[in-house]
Every structure is written in structure tokens, then in C-alpha cells.
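Peer 1: One structure, pasted below without further comment.
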Amino acid sequence: MSVTFLDLKAAYTELKSDIDLAVERVLASGYYIHGPEVEAFEEEFARYCDAKECVGVANGLDALNLALRAMDVGPGDEVIVPSNTFVATWLAVSQCGATPVPVEPDPRTYNIDVSKIEAAITSRTRVILPVHLYGQPADLDPILALAKKYGLRVLEDAAQAHGARYKDRRIGAHGDVVTWSFYPGKNLGAIGDGGAVTTNDPELADRIRVLRNYGSRVKYVNEVQGVNSRLDPIQAAILRVKLLHLDAWNLRRTTIAQRYMAELTPKGFSLPFVPEWANPSWHLFVVACKDRDAMQQCWSNAGVPTLIHYPIPPHLQQAYASLNIGAGRLPLAEKMAKEVLSIPIGPHMSTSQIDFVITKINQ
């Protein structure tokens, strides 16, 4: 039995005729920057997310950075971020000249611990930036309540949460802005880079549209110092095709997760915890191993591929040495970085492959 961690080619193969037609449509249109395909995707994805506005950009990091800039975050400001996340969450803050202020995760969900956020708020705090890590929604209601209490913005990093639901409402417009990545491995993935923001705030959407296009609404008239960060029309056309299948593919992921939760025997590792109010997108299925290196080698020898998301927490990266957050200061993030291990949960896994993974892990 051959199992790949995530079969990206299978996603294309399933939708090959529709994707090929979409690409040909763009090539024949003559619109290679912005244009009708991007506009159509923005409308369709906004509707899918129950949001009023969607702005396509070049990638997920740009989505975060431009959202922060649109909220006037800059030097001297602080943004509350999870200590346990992919480094892009922190990079977006730093690129604005602001300072990321890490808050430790809930040890059960791995998402930011809402009970610890208030203690991190200072007079310089401008934004709370929760991440829906691994596709599991962060607990948004208490975060939104804190933001209202202190006059802060909420920026959600939903790069892994396409289609996830918080208390039966789809992720996409709870906070002031929600950012998305369409990196190929995401639940809604392009064939290349891509990103977007969704929001119910038309003013913020307008600012991001200007910032993504050199700070310009009218050609050669630059209102602000913007950047070149535009969603490619070919990627937009491909995403339009895949968006039609996202819920079905997420259901496949959920079915696999339910089988893992019911049939895996956790010896030497623990299974994910899902709050009753969360409907994850199951971008990743992450277990915690007491001896991860040995477990990973054992499962690899048995034919079960795994990946580590993420082996070094942001505060221990050389890029953030200047913050002087030494080892031991954020013990939960460090513990998770040493224990987490992701097992296959792609939507194109066959029943026999799922059976194989369960059997080998239980052995």
C-alpha cells in the first residue's frame, strides 16, 4: 500500500476538464491582471464566507500584512499573536513595524488561550490576531468581547480554515478582517500562490484594494505607498472551480478524522480535542507524541508518512532573536513544537489507504 501525506495531483486529476477549461478561458480573455475572473472569485468567495467583501491578493502573508496596514498598525504598536503558529503570523506584524506579543495556547486545542489575552493587553495594543490553527476555529466570542472592551481590532488568520465553522457560522466575517492563503496544500488551494481577505467593513476592503495595487485607484495616481500584491486571474479561475467542491472535500476530511478519532488506539500519543462548538475544516490531523522522533520513524518504517507542523516556534527562530524571548519563556509553545505530528488526511485518500494508516498506527 502506498500512501502520500497529501496528494495534490489527485485534486487536479478529479477536476481536470473543468480546470483546463477555466485556464483556457483566462488565456483567451486577454485579462491577465485583475479582470472578470478575479472579480467573480471575490464575489463567490465572499458569499461562501458569509462576508460582504473579498479582496484577492498574492498570498496569505500579504493578506495579513495589508490587513494590518489598512488598520493603521505601525511602529510603536503591539499586536497580540499566538505563540504556537506558523511564523507568517508574526512576520506580518513585524513587516508593519509593529511588535508581536505572544500569548500561549490552550493545551487542549493548541489555539490561543483566551483566558491569557487580557493580561497581554497594554496601551500600545492595537489588534488581537487569533489563528484558526490546523483548521480548528479559535474561541472567537471572548476574543471579540475583549476587543470591544478595550477598543481593539480583531484580525483572524484563517489560512488553514476554509469552510470551518464556529458555533455553526462559517469562518469569514466574525472579526474586523479575516485573511486567507490559497497555497496549493490548503483545503482551497491554487496551483501556485494566492491569498485574500474577507470582511464586512467596506472601508477596510477599499483600503486593502488600494494598498494591493501600488496604492492606486487610478493608473499613475498613487494615494499611499502601496505594494504589488494581486491575485492572478489564472489562479482565481482555478479557485472558482475548486470552491464548488470545497464542502464535499471538507466532508471527506471530516469522515477521515471521525474514523481516526473512533478507531485509532492512542498509545504513546494523544488525539486532537475538538470543542463542542467547533466544526473544523481538518486541514491537518495532529497528534501529540511523547517521543515524537521515535514515533515518526516507527510509522515511516510501516509506510505511514507524517509531517511536523511546526518544529521551531516563532520566538526561537533566529529571525526573532531581537525580541529576547529565550527558551523556557513560552513553555507550552515549545512543548508542542517538540510533540506534534501530522498524519495523512487528504480528501483524496481511498478507503483502503485510510484502513492502512489506522492498522499500521495501531500496530
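Peer 1: In nm, what is the difference between 0.36 nm times the number of residues separating ALA28 and ALA145 and their Cα-Cα distance? All intermediate terms of the calculation are to be shown ahead of the outcome.
Peer 2: Values: separation 117, 0.36 × 117 = 42.12 nm, distance 4.92 nm.
Separation in residues times 0.36 nm, less the Cα-Cα distance, equals 37.2 nm.
Peer 1: By how many nm would the segment from MET1 to ASP355 lengthen if fully extended, with 0.36 nm per residue of separation less the alpha-carbon distance?
Peer 2: Additional length available on full extension: 126.4 nm.
Peer 1: Excluding residues on the same chain fewer than 8 positions from LYS267, give the lysines whose Cα lies under 19 Å from its Cα.
Peer 2: Reachable lysines: LYS290, LYS335, LYS338, LYS360.
Peer 1: Kindly rank 130-140, 177-187 from highest to lowest mean number of other beta carbons found within 10 Å of each residue.
Peer 2: Descending mean neighbour count gives 130-140, 177-187.
Peer 1: If you average the alpha carbon positions of the stretch 102-161 and of the stretch 288-358, how far apart do those two centres end up, in angstrom?
Peer 2: Going from one Cα centre to the other spans 23 Å.
Peer 1: With springs connecting C-alpha atoms under 10 Å apart, model the chain as a Gaussian network and identify which of GLU44, GLU53, GLU14 has the largest mean-square fluctuation.
Peer 2: GLU14
Peer 1: Please compute the per residue accessible area over the chain with all protein chains in place, 1.4 Å probe, rounded to a whole number of Å².
Peer 2: 43 Å²
Peer 1: With each label point set 7 Å from Cα along the Cα-Cβ vector, what nm distance links ALA248 and GLN225?
Peer 2: Here the answer is 4.8 nm between the modelled labels.
Peer 1: Report the label-to-label distance for ASP291 and ARG259 in nanometres (one decimal), using points 7 Å from each Cα along the Cα→Cβ vector.
Peer 2: 2.9 nm
Peer 1: Got a sec to turn the phi values of the stretch 222-228 into Karplus ³J(HN,Hα) couplings, 6.51 cos²θ - 1.76 cosθ + 1.60 with θ = phi - 60°, whole Hz, x for Gly and Pro?
Peer 2: My calculation for the stretch 222-228 gives 10, 6, 9, 7, x, 9, 9 Hz in order.
Peer 1: Sticking with this one: At 1.4 Å probe size, with the rest of the protein present, what percent of the exposed accessible area of the chain is carbon and sulfur atoms?
Peer 2: Answer for the chain is 52 percent, counting heavy atoms of protein chains only.
Peer 1: Let me ask something else about it. State, to one decimal in nm², a quarter of the convex hull surface area for the C-alpha atoms of the stretch 258-336, i.e. the direction-averaged projected area.
Peer 2: 7.2 nm²
Peer 1: Specify the residue with the greatest mean-square fluctuation among GLY30, GLY163, GLY56, computed from a Gaussian network of the chain linking alpha-carbon atoms under 10 Å apart.
Peer 2: Per the Cα network of the chain with a 10 Å cutoff, GLY30 tops the list.
The values are calculated or read from the model by the stated rules, or taken from the named source; none is laboratory data. Worth saying up front: this structure is predicted, and the values here are computed from it rather than measured. In this analysis, Cβ positions are derived from the backbone assuming ideal geometry, glycine residues included, and neighbour counts consider all displayed protein chains. Surface accessibility is based on the protein's heavy atoms, side chains included, excluding ligands, DNA and RNA. Shrake-Rupley method; radii C 1.70, N 1.55, O 1.52, S 1.80 Å.
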